[in-house]
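Notes for the one structure printed next.
Derivation of every value follows stated rules applied to the coordinates shown; laboratory data play no part. Just so you know, these numbers come straight off a predicted model, no measurement behind them. Note that each Cβ is placed from the backbone with ideal geometry, even for glycine, and that neighbours are counted across all protein chains shown.
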Amino acid sequence: MLNGSNYKKWKQDVDFSLRIADLDIALPEDKPVVNAESTAEQRERLAKWVRADRLSLIAIKRTIFDHLLGGFPEECTAKDFLDALKERYQVSDNAESGRLLKKLMDAMYDNVGGVRYFILEIVDICNSPIFRYLVFN
């Protein structure tokens with residue numbers, strides 16, 4: 001569930017779920033345009049896109065706490081809804097990397113917990129994707 005501070009993990013889980021269900025065609029593509037001269041294949045593509053968009057939007061909204069849904073457009077595509085969510089909840093990589101570096105630099109064994117616990121905290125910081133990106137790029 002998206003709680004406001006776990007956007008990256010939530011987005012990965014939603015993308016995975018939509019791909020497994022074969023509903024992800026509505027996210028990278030715009031709505032196909034169909035007119036009187038369109039072929040049956042184009043009409044079928046539109047019907048598949050509309051279904052995927054509707055179900056994707058339902059699935060996305062079901063994974064967000066109700067109190068966070070306020071202020072988002074009611075009638076929109078799944079792609080537009082995800083863009084609005086990204087704008088509101090995505091954490092800046094610079095802020096996250098600064099927080100992790102500060103946490104690592106301030107880490108100090110205080111003889112209260114075990115050494116094992118202290119080492120696990122340091123390893124956890126170093127295994128975060130942002131920290132790895134900073135070190136290896």
Of all residues making up segment 7-21, the number that are touching a helix residue (DSSP H, G or I) at 6+ places or on another chain (Cβ under 8 Å) and either closer than 24 Å to Arg45 by Cβ or outside any helix (DSSP H, G or I) (or both): 5
Looking at segment 22-46 only, could you name the residues that are outside any loop (DSSP other than H, G, I, E, B) and over 19 Å from Ala59 (Cα atoms)? Ala40, Glu41, Gln42, Arg43, Glu44, Arg45, Leu46
List the residue pairs whose Cβ atoms are under 9 Å apart, where the first residue sits in segment 27-41 and is without any contact (Cβ under 8 Å) to a residue 12 or more places away in the chain and surrounded by 10 or more Cβ atoms within 10 Å (Cβ to Cβ), the second is outside any loop (DSSP other than H, G, I, E, B) and of a type outside the set (Phe, Trp, Tyr), and the two are 6 or more positions apart or on different chains. Ser38/Leu46
Going through (1) under 29 Å from Ser128 (Cβ atoms); (2) exposed (fewer than 12 other Cβ atoms within 10 Å of the Cβ); (3) not aromatic (Phe, Trp, Tyr) one by one, Glu75 fails only at (1)
Please work out which residue is nearest to Leu27 (Cα to Cα), limiting yourself to segment 39-79 and to residues that are of a type in the set (Gly, Ala, Ser) and under 21 Å from the mean Cα position of the chain (by Cα). Ala78
